[in-house]
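Q: Please find one structure pasted underneath; my questions will follow.
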Amino acid sequence: MSWMPPTKSQVRQWNFDSLIEQGSEWSRAAQTVADQHAVISRQLADSPGFWRGSAGDAMRVKSEEAKSSLSKVVEALENAGPATSQAVHALGYAKSAAVNTIQAAEDERYTVDETGFVTYDVSVLAWMIEEKGLAMHVAQAILKQGARLHQEAIVKALREAGDATASAREAIGRIFADVPIPPDAELDAIINNYQVEPDPEGLVDWPDGDLLEQLRKIPWLGENIPQEKVTVSEAAMLDRLSLLDQAKFFMIQKDAKAACEELYPDTYINRDGDEVKDTQDNHADAFRHAYWNARMTQEFGEEWTTEYASKHEGRADNAAVREAMDLYNNELGRKIATANPDASPEELQDLVKDAVDNGDTVIIDESQKLNWTNQVTPDQDVNSDAYDDNREKLYLPGAPTSDNRPSPK
């Protein structure tokens with residue numbers, strides 16, 4: 001998935017103890033597996049003496065396959081230890097650079113927000129005028145220039161920290177790329193990889209105030225513009241859109257819901273026997289997220305949509321499997337849009353619907369586990385109410401994914 005720069009708080013809290021321990025564990029595992037590899041090799045060499053015939057021959061063919069797989073595991077584990085040490089070094093350097101850059105600005109009495117945006121308080125302006133005898137316009141010019149330079153340095157350092165996390169992950173991923181993966185391991189990897197950190201600022205109502213009134217006055221939007229709880233960083237991104245783009249955002253959101261209802265009209269019968277409309281955690285939900293991201297990608301670009309969709313999931317109450325499902329399906333929708341840049345909304349709907357039907361998207365099944373959409377029938381998807389009751393047990397730590405760049409518009 002796409003990785004975003006960490007926030008100020010996140011990079012300051014980076015701790016590499018678990019990564020160091022993981023590297024040590026891989027090194028220990030390499031020796032253990034190598035020992036098992038030697039045992040299997042000896043047994044295979046001796047087996048013709050005590051197990052002959054077609055069954056023995058079949059066993060030896062399968063065992064040779066297993067031995068080959070085991071060799072790949074040993075090689076990967078042996079390489080993973082040193083790669084982890086290199087990753088810790090690179091991440092430590094990136095953390096120090098970002099933390100020191102932020103601290104330099106704060107030492108000069110500038111205020112640095114979570115995303116690296118630098119401002120100054122009027123009290124600092126007053127201090128410069130009083131203590132240094134500067135005219136107001138001179139003091140303002142100095143402070144603005146300083147804020148700009150500090151912000152450029154901090155944003156650059158945070159981006160480089162985000163790049164370091166992506167590089168470390170890719171390096172370790174390449175090491176294990178040739179290791180045979182059991183069928184369920186890919187789904188487990190999705191749950192672990194497709195996570196985001198909760199927004200440190202929490203939630204806010206959006207849109208509100210004058211903006212809500214302005215949007216409700218746009219004739220083709222109507223007066224039913226919803227006000228919803230969104231993350232603070234998500235709201236900041238939407239606030240940076242022009243009014244026209246904000247209106248387009250709501251039209252895309254409305255279109256995604258309408259397409260979902262048209263393509264998935266059946267009622268969902270919950271486990272109590274009541275007929276209710278449910279479009280969460282199921283095939284309809286997988287479609288809606290993928291199609292929504294595909295439309296936003298066409299309108300606002302892949303980079304903006306990736307950032308926005310990640311921040312959209314940054315709620316502290318978002319359960320790990322649900323978060324992974326949404327982020328994975330979001331990414332698939334963006335890939336479909338970039339692969340079909342000239343597709344009409346109707347064509348995008350067909351492409352996303354095919355992806356859901358073919359099992360390219362993921363869903364939460366009745367056992368509250370992630371599964372491919374073509375492996376779950378509508379009556380086998382999760383009971384969302386029961387899942388909500390159980391979600392506190394299903395959280396996982398997230399990965400840094402916060403970035404407050406302006407809208408491409």
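Here, each number is a calculation from the coordinates, and none is a lab measurement. Small disclaimer: the values here were computed from a predicted structure and weren't measured. Please note: Cβ atoms are built from the backbone with ideal geometry, for glycine as well, and neighbour counts cover all protein chains shown.
Q: Got a sec? Charge dipole of region 105-249, +1 on Cβ for Lys and Arg, -1 for Asp and Glu; which of Ala168, Ala139, Leu212 is way out at the positive end?
A: Ala139
Q: Right, something else. Could you line up Asp354, Asp388 from fewest to most neighbouring Cβ atoms inside 10 Å?
A: Sorted ascending by nearby Cβ count, the order is Asp354, Asp388.
Q: Can I ask one more? Sticking with the crude label model, points 7 Å out along Cα→Cβ, report the distance from Asn193 to Asp239 in nm, one decimal please.
A: Inter-label distance under the simple model: 3.5 nm.
Q: Could I ask something else about it? Step through the residues of region 206-217 one at a time and calculate ³J(HN,Hα) from phi using the Karplus curve (6.51 cos²θ - 1.76 cosθ + 1.60, θ = phi - 60°), rounding each to whole Hz and writing x for Gly and Pro.
A: Calculated HN-Hα couplings, in order: 8, x, 9, x, 4, 4, 4, 5, 4, 5, 6, 8 Hz.
Q: Too long at a 19 Å Cα-Cα cut-off: which of Lys8/Lys311; Lys217/Lys248; Lys229/Lys311; Lys156/Lys248; Lys311/Lys369; Lys229/Lys254?
A: Lys156/Lys248; Lys311/Lys369
Q: Could you calculate the FRET efficiency of Gln103 with Asp354 from 1/(1 + (r/R0)^6), where r is the beta carbon distance between them and R0 is 45 Å, rounded to 0.05?
A: For R0 = 45 Å, the calculated efficiency reads 0.30.
Q: Compute the signed sum of charges (Lys and Arg +1, Asp and Glu -1) over the other residues within less than 15 Å, Cβ to Cβ, of Ser24.
A: In short, -3.
Q: Order by neighbour count: Val138, Val124, Val376, fewest other Cβ atoms within 10 Å first, most last.
A: So the residues, fewest neighbours to most, are Val138, Val124, Val376.
Q: Fewest first, what order do His89, His137 take by the number of other Cβ atoms within 10 Å?
A: Listing His89, His137 from fewest to most nearby Cβ atoms yields His137, His89.
Q: Once R0 is set to 35 Å, what does the formula 1/(1 + (r/R0)^6) return for the Cβ-Cβ distance between Glu186 and Asp35, expressed as a FRET efficiency to the nearest 0.05?
A: Efficiency, from the Cβ-Cβ distance: 0.80.
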